[in-house]
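Take a look at the structure below.
The values are calculated or read from the model by the stated rules, or taken from the named source; none is laboratory data. Every value quoted in this text rests on a predicted model; they were computed, and no experiment measured them. Cβ: placed from backbone, ideal geometry, glycine included. Neighbour counts: every protein chain shown.
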Amino acid sequence: MIQETELTPELAAQLLANAHPKQRRIDPQTVARYVRTIEAGRWLLIPDPILVAGEAGMFNGGHRCTAAIKAHRSIPVHIDWTADPALFDHIDTGRGRSAYQFITDKSATIRAAAARVTLWYAQRFSRALQAGPTTRFDLEEILNETERRSDAFDAMLPGARTTYQFTTLPEGICLGAYAIAVDLNLQEQVATFVSHIEDPADLPKGDPCRLLADRFRKQDNRSRRRNMVDDWTILVRAFNLHLEGKTTSRLVLSEFWPRVAETEADFNRRRNVISEQRNTVDEHRRLRSGKAAAR
């Protein structure tokens, strides 16, 4: 029997305590996205019920329950308290659709990608710098961020497209980085940076714009598949060196994510601190593992 009810944090905890033994693993990023939706007051009652099969436990709804607990709020849900346990092997366990599947215009797709980059940037740098999977955002969050940055995106889109043309760095990443630079009142510096990439012939050998342009004139750098860390790092480090007026022998990739307008000295200092923290954590883990094995 399906009932509409308020999923309180207390009820959510009870359901999770009696989850099906084969309930799929909770995805922290999905939970984080649900929590943001709940806290923004945008959670809606959806027809997909939480499924509870008596003593067999709950086997659909773990992410919603976890989000209600983390948000410390109640949300409206449907619950089927007498679900058929046989449904466990047939319920949809696929990922949700990407926001990009709802956006077909080329310019809108670039803006949506850039909005996602700026959302990710704001969240990632509110915590310690680290590599890892990017945060997913729902369609409304992306569209709201796109609207909020509409003026900056309009101004920076030509520069992002030019950067892509001469480097193949994704337009969304370029537009996101340049929009963040607008927040820092660096529009003129972005324009100069882009013009130097477009025409680097008269620049000194170690100029970061020339290094960036020369690097991507090589076919292996233009065609090879890169990840987001590489694309972001090489663009932002080149831009930051340009802001500092410094030359360099080469543009070095890193597993760490540099901030826009961060000096190389500050970036290296921050990278070293986090590397030391990681080494300390790894050492503690090894010690704990050794003690556990000794028992």
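Say whether the condition of being in contact (Cβ under 8 Å) with a residue 60 or more places away in the chain and either assigned to a helix (DSSP H, G or I) or surrounded by fewer than 16 Cβ atoms within 10 Å (Cβ to Cβ) (or both) is met by at least one residue in the range 201-209. If you could, list the steps in order and put the result at the bottom.
Filtering the range 201-209 down to residues in contact (Cβ under 8 Å) with a residue 60 or more places away in the chain leaves none.
No.
Restricting to the range 30-59, give me the number of residues that are at pLDDT 85 or above and over 26 Å from the mean Cα position of the chain (by Cα). First the steps, then the outcome.
Just the residues of the range 30-59 that are at pLDDT 85 or above, to begin with: 30-45, 48-53, 57-59.
After this cut, where a residue has to be over 26 Å from the mean Cα position of the chain (by Cα) as well, the list is 45, 48-53, 57-59.
Going through the range 30-59 one residue at a time, the tally reaches 10.
In the range 108-132, the residues that are closer than 22 Å to residue 271 by Cβ form Cβ pairs under 7 Å with partners that are assigned to a loop (DSSP other than H, G, I, E, B) and at pLDDT below 70, at six or more places apart or across chains, as follows: 120/134; 120/135; 123/135.
Do we have residue 158 as farther than 30 Å from residue 28 by Cα and either touching an Asp or Glu at 6+ places or on another chain (Cβ under 6 Å) or part of a loop (DSSP other than H, G, I, E, B) (or both) here? Walk me through it before giving the result.
Details: farther than 30 Å from residue 28 by Cα: yes; either touching an Asp or Glu at 6+ places or on another chain (Cβ under 6 Å) or part of a loop (DSSP other than H, G, I, E, B) (or both): no.
Spelling it out, it is not the case that residue 158 is farther than 30 Å from residue 28 by Cα and either touching an Asp or Glu at 6+ places or on another chain (Cβ under 6 Å) or part of a loop (DSSP other than H, G, I, E, B) (or both).
Checking the stated criteria, residue 73 turns out to be at pLDDT 85 or above and either part of a loop (DSSP other than H, G, I, E, B) or loosely packed, with under 15 Cβ neighbours inside 10 Å (or both).
What's the total number of residues in the range 153-165 that are out of contact with any Ser or Thr (no Cβ under 8 Å at 6 or more places or on another chain) and surrounded by fewer than 20 Cβ atoms within 10 Å (Cβ to Cβ)? Spell out how you get there, then give the answer.
So in the range 153-165, the residues out of contact with any Ser or Thr (no Cβ under 8 Å at 6 or more places or on another chain) come out as 154-156, 158-165.
Next, from what is left, pick out any that are surrounded by fewer than 20 Cβ atoms within 10 Å (Cβ to Cβ): 154-155, 158, 161-162, 164-165.
The qualifying residues number 7.
Residues in the range 16-29 that are closer than 10 Å to residue 66 by Cα and part of a helix (DSSP H, G or I) were compared, and the one that is modelled with the highest pLDDT is 16.
Whenever a residue of the range 39-51 is under 20 Å from residue 15 (Cα atoms), its partners that are part of a loop (DSSP other than H, G, I, E, B) and of a type outside the set (A, V, I, L, M, F, W, C), lying with C-beta atoms within less than 8 angstrom and at least six residues away or across chains, give the pairs 49/61; 50/61; 51/61. Beta carbons closer than 8 Å, at least 6 apart along the sequence or on distinct chains, pair a first residue in the range 231-248 that is on the phi < 0 side of the Ramachandran plot with a second that is among the basic types (Lys, Arg) for 234/215; 236/259; 247/205.
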